[in-house]
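Okay, structure first, notes after.
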Amino acid sequence: MKQLKTAILAAALAGSISGAAQAQDRILIGSSSSSSSHYGYYVAVSQIINDNVEGVSATVVETGATMDNLRRLQRDQIDMGLVTTNVAYDAWSGQGEFEGQPYKMLTLWVYSSAPQNVVVREDAGLATLSDLAGQRINPGITGSATEKTTEAVFAQLGIEPEWVRGSTGDVVDSIKDDRAVGYVKSGAGERLDASSLDIATLTPITLLSLDDEQAKSVADGFPNLAVIEIGEGAAGDGYPAYRTWAFGTATVAHPEMSDDMAYAITKAAVEDETVQASAFASLKGSQLPAMTMSLATSPLHPGAIRYFEEIGVEVPDRLRP
């Protein structure tokens, strides 16, 4: 009899555990290549969700990043994931690769920025972006988003440099040898990237800034970009404050994700102060609201808006569905 009761209890427990497992909402997160730091970031996000969002079990999927994630969202193959803010704008607006076929995914938060730094040799004596007219400068690695964006921004501003093409290594050597005055390079967050620091070790550099008129022209002409302020010393010790254009990396959700789930996931990410930093050095959840409001280019999920407003963040009209 005792063995029978034990068997019945075990079966009941098994049924209870099975029922609990079935009650879990299982979600898939689209990330990037497993060799990318962004993949590691979403592993951290999945841990945050699994540890803090009751009833939700998250798993990370290795993908081809932004465009692949958007296609998977459209096919209902993932529930949320990485999308850069410039492409998010195109998808929402039905332009670029989404011409005539908009996709209304919703943003949860932005977790990294890619300022497009205009880096020039200090001894070139260039003080403004307009001074680059006729100068030899690299717009970005051939075929990159930086190259395409730089050319469009300079055309918008009416500035015509002499473009120098090549890989990052080739361009860095050209700047060091004074065969080019500089280049445009994505920052590592607000910090200068490794290649810019490499140049600066032998050749002092200057970071050129958008003036007020240029900033307005870029903001008006490119709704898929953000114009951001980099504070004094943020790019590196000794560098003054400057203004440039940027795009961000966002976490977006399937449009059918419930408000309650979007609220709970956003809350867990913003209130985390340790796990995300293990994947992105110095990144804490407390930084997410400000980055989201300044860099997001497509509407936020109503659940995310509810959380941001709950903690006193002002959500601009352009980010409301």
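What the table below lists for this structure:
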read-out: Condition check for residue 308: surrounded by 15 or more Cβ atoms within 10 Å (Cβ to Cβ), assigned to a strand (DSSP E or B) and among the aromatic types (Phe, Trp, Tyr); value: no
read-out: Enumeration of residues in the stretch 30-87 that are of a type in the set (Ser, Thr, Tyr), modelled with pLDDT under 95 and in a helix (DSSP H, G or I); value: 37, 39, 41, 66, 85
read-out: Residue, farthest from the chain's Cα centre (by Cα), within the stretch 305-318, restricted to residues that are within 20 Å of residue 247 (Cα to Cα) and modelled with pLDDT of 95 or more; value: 317
read-out: Residue within the stretch 79-96 that is more than 15 Å from the chain's Cα centre (by Cα), surrounded by fewer than 15 Cβ atoms within 10 Å (Cβ to Cβ) and closer than 16 Å to residue 255 by Cβ present; value: yes
read-out: Number of the exception - residue 50 against (1) surrounded by 14 or more Cβ atoms within 10 Å (Cβ to Cβ); (2) among the polar types (S, T, N, Q); (3) under 18 Å from the mean Cα position of the chain (by Cα); value: (3)
read-out: Residue within the stretch 186-208 that is closer than 23 Å to residue 87 by Cα, of a type in the set (A, V, I, L, M) and in contact (Cβ under 8 Å) with a residue 40 or more places away in the chain present; value: no
read-out: The one condition in (1) surrounded by 15 or more Cβ atoms within 10 Å (Cβ to Cβ); (2) closer than 15 Å to residue 47 by Cα that residue 278 fails to fulfil; value: (1)
read-out: Extreme residue, nearest to residue 129 (Cα to Cα), among residues of the stretch 148-158 that are free of Cβ contacts under 8 Å to residues at least 60 places away in the same chain and crowded, with 18+ Cβ neighbours inside 10 Å; value: 154
read-out: The listed residue being at positive phi and not charged (D, E, K, R), out of 64, 55, 40; value: 55
read-out: Subset tally (residues that are over 20 Å from residue 39 (Cα atoms), touching an Asp or Glu at 6+ places or on another chain (Cβ under 9 Å) and surrounded by 18 or more Cβ atoms within 10 Å (Cβ to Cβ)) for the stretch 99-118; value: 2
read-out: Restricting the stretch 61-78 to residues that are in contact with a Leu (Cβ under 9 Å, 6 or more places away or on another chain) and crowded, with 22+ Cβ neighbours inside 10 Å, the residue that is farthest from residue 103 (Cα to Cα); value: 63
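The rows are residues; the columns are (1) under 23 Å from residue 231 (Cα atoms); (2) modelled with pLDDT under 95; (3) assigned to a loop (DSSP other than H, G, I, E, B); (4) of a type outside the set (Asp, Glu).
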| residue | (1), (2), (3), (4) |
| --- | --- |
| 112 | yes, yes, no, yes |
| 116 | yes, yes, no, yes |
| 119 | yes, no, no, yes |
| 127 | yes, no, yes, yes |
| 142 | no, yes, yes, yes |
| 148 | no, yes, no, yes |
| 152 | no, yes, no, yes |
| 155 | no, no, no, yes |
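The values are calculated or read from the model by the stated rules, or taken from the named source; none is laboratory data. Please read all numbers here as calculations on a predicted model, not as lab measurements. Virtual Cβ from ideal backbone geometry, glycine too; neighbours counted across all protein chains shown.
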